[in-house]
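Some notes on the structure that comes next.
The values are calculated or read from the model by the stated rules, or taken from the named source; none is laboratory data. Note that the structure is predicted; figures quoted are calculated from it, not measured. When we count neighbours, we look across all protein chains shown, and the Cβ atoms used for this are built from the backbone with ideal geometry, even at glycine.
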Amino acid sequence: MLQQLTLEGKPIEYRPYRHITLNEQSAFCDFLCALGIYGDKLKDLLWCSSEYCKYDCVQDSTHIKKVKYLACGLRGLCPRCSMAYAHKRAEIMYQWIKQNLADNLNFDLKMNQIVLTLPKGIHETLDKKTFSKMIREFMARYGIEAYGYSIQYRHSKNPLGSRFLHCHILSLNFKESNGKLIENEYYFDVQKMRDVWKSIIEKYTKSVIESDVNIFSEYVSVKQKKPKVVHLLAYLYRYPIQDLFQVQIRDRSIDYLESEQFESDYTILQIESMKNEPKNLTWCGLLTSTKREYLIGLIQCTINELVVWKNINQLVKLLDEKSKTCRDCGAFYSEIPYDVGKYDGDNEPT
């Protein structure tokens, strides 16, 4: 059988997305070096994904080749590994939502993102416990029964700046009614949301707020707009080091080495603390693990069919197996690479 070739005459290869370019990777390492941190790990960050292994299909060596980039695995420190981790977690969660919920419900499942912020003077001092109560009351007032939220302390546009307490919420438009799941609202009046959120802030902080509070809201179809849903999930699973990379290297919106707010010891301390701050979703209402059997029962009553539920571990296993199988025939790739080498920059992200 003739081998499949590209227009350039090379074997067709399946290559994973690299997330950042070699130049960006080098520039970020230079930035860390200038600060004098991660000294013994800088060589690992600089080396990350600079070498590859290529694998053949065990059934037919003319099939699409698999390329694997060797990564340092230092998520929380390495932007590339942190991005890869966030997107893998997002893909797993997307498949959980799609296969268990969107594919079984008889209406178009929407994911709605709501961002709740606080007025200046409050987000610097409010404690997490009180903020969590405020978030849950806000969602209860809107009758949203299926959602998750992530409380964050850094502004993505200035991750080394002062404390910026805010919350990202991802909700799904279904609720329980008479033992079944029915479609819930997903499009909201943003001005009304501001008024409700403002009243909750005043209630819990015992303060009077003169100006409007800021709220952001958007929605997207789970089945029809997968890339956007995965993006929303990955944003909440990201590590703060990604924001620092985005600001300092990719956008160049702030140069922390020259910024007026730059203080060497403070900056180093902030960056060091980032590696222990992964962002996680807290699932609430019908999406909590304690209500799993109840949720499955509601879906089965809604569609009058037995639901085959997939848990997270099953989905992780399925995705891992998929990564090891040939795109042409489904057979496994060989465990031993047929080629190893130095990455030459021919698969840089755009």
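Based on this model, can you work out whether Phe174 counts as buried (at least 18 other Cβ atoms within 10 Å of the Cβ), free of Cβ contacts under 8 Å to residues at least 60 places away in the same chain and assigned by TED's automatic domain parsing to the domain that holds His231? Write out each step before concluding.
Details: buried (at least 18 other Cβ atoms within 10 Å of the Cβ): yes; free of Cβ contacts under 8 Å to residues at least 60 places away in the same chain: no; assigned by TED's automatic domain parsing to the domain that holds His231: yes.
Judged against the criteria, Phe174 is not a match.
Can you pull out every residue in the stretch 134-168 that is outside any loop (DSSP other than H, G, I, E, B), within 17 Å of Ile200 (Cβ to Cβ) and out of contact with any helix residue (DSSP H, G or I) (no Cβ under 7 Å at 6 or more places or on another chain)?
Ile135, Arg136, Met139, Ala140, His166
It is to be established whether one or more residues within the stretch 219-229 are surrounded by 20 or more Cβ atoms within 10 Å (Cβ to Cβ) and either in a loop (DSSP other than H, G, I, E, B) or not assigned by TED's automatic domain parsing to the domain that holds Gln113 (or both).
yes
Is it fair to say Tyr343 is farther than 30 Å from Arg136 by Cα and surrounded by 16 or more Cβ atoms within 10 Å (Cβ to Cβ)?
Criteria met by Tyr343.
Within the bounds of the stretch 41-60, is there any residue that is in a loop (DSSP other than H, G, I, E, B), free of Cβ contacts under 8 Å to residues at least 40 places away in the same chain and surrounded by 19 or more Cβ atoms within 10 Å (Cβ to Cβ)? Break it down stepwise before answering.
Restricting attention to the stretch 41-60, the residues satisfying the condition of being in a loop (DSSP other than H, G, I, E, B) are 41, 48-50, 56, 58-60.
From the residues that got through so far, the ones that are free of Cβ contacts under 8 Å to residues at least 40 places away in the same chain too are 41, 48.
Filter again for surrounded by 19 or more Cβ atoms within 10 Å (Cβ to Cβ), leaving 48.
There is at least one residue in the stretch 41-60 that is in a loop (DSSP other than H, G, I, E, B), free of Cβ contacts under 8 Å to residues at least 40 places away in the same chain and surrounded by 19 or more Cβ atoms within 10 Å (Cβ to Cβ).
Please enumerate the residues belonging to the stretch 155-191 that are more than 22 Å from the chain's Cα centre (by Cα) and among the aliphatic types (A, V, I, L, M).
Leu181, Ile182, Val190
Taking the conditions exactly as written (in a loop (DSSP other than H, G, I, E, B) and over 30 Å from Asn106 (Cα atoms)), does Glu258 satisfy them or not?
yes
Scan the stretch 61-108 for residues that are small (Gly, Ala, Ser), closer than 25 Å to Ile12 by Cβ and assigned to a helix (DSSP H, G or I) and jot them down.
Correct list: Ala84 only.
Based on this model, can you work out whether Ser273 counts as surrounded by fewer than 18 Cβ atoms within 10 Å (Cβ to Cβ), assigned to a loop (DSSP other than H, G, I, E, B) and among the small types (Gly, Ala, Ser)?
no
With the structure loaded, tell me whether Met111 is assigned to a strand (DSSP E or B), crowded, with 18+ Cβ neighbours inside 10 Å and within 24 Å of the chain's Cα centre (by Cα) or whether it fails that test.
yes
Among Tyr235, Tyr187, Tyr204, Tyr256, which is the only one that is more than 30 Å from Ile303 (Cβ to Cβ), of a type in the set (Phe, Trp, Tyr) and surrounded by fewer than 17 Cβ atoms within 10 Å (Cβ to Cβ)?
Going through Tyr235, Tyr187, Tyr204, Tyr256 in turn, the sole match is Tyr204.
Given the criteria modelled with pLDDT of 90 or more, in contact with a Gly (Cβ under 6 Å, 6 or more places away or on another chain) and surrounded by 12 or more Cβ atoms within 10 Å (Cβ to Cβ), does Trp283 qualify?
Working: modelled with pLDDT of 90 or more: yes; in contact with a Gly (Cβ under 6 Å, 6 or more places away or on another chain): yes; surrounded by 12 or more Cβ atoms within 10 Å (Cβ to Cβ): yes.
When the stated conditions are applied, Trp283 passes them.
With the structure loaded, tell me whether Val222 is under 27 Å from Ile135 (Cα atoms) and in contact with a Phe, Trp or Tyr (Cβ under 6 Å, 6 or more places away or on another chain) or whether it fails that test.
The answer is no for Val222.
Among the numbered criteria (1) modelled with pLDDT under 95; (2) in the same structural domain as Asp30 (by TED's automatic domain parsing), which single criterion is violated by Lys342?
So the condition that Lys342 fails would be (1).
I need the full set of residues from the stretch 188-223 which are farther than 18 Å from Ala102 by Cα and aromatic (Phe, Trp, Tyr), in order please.
Phe188, Trp197, Tyr204, Phe216
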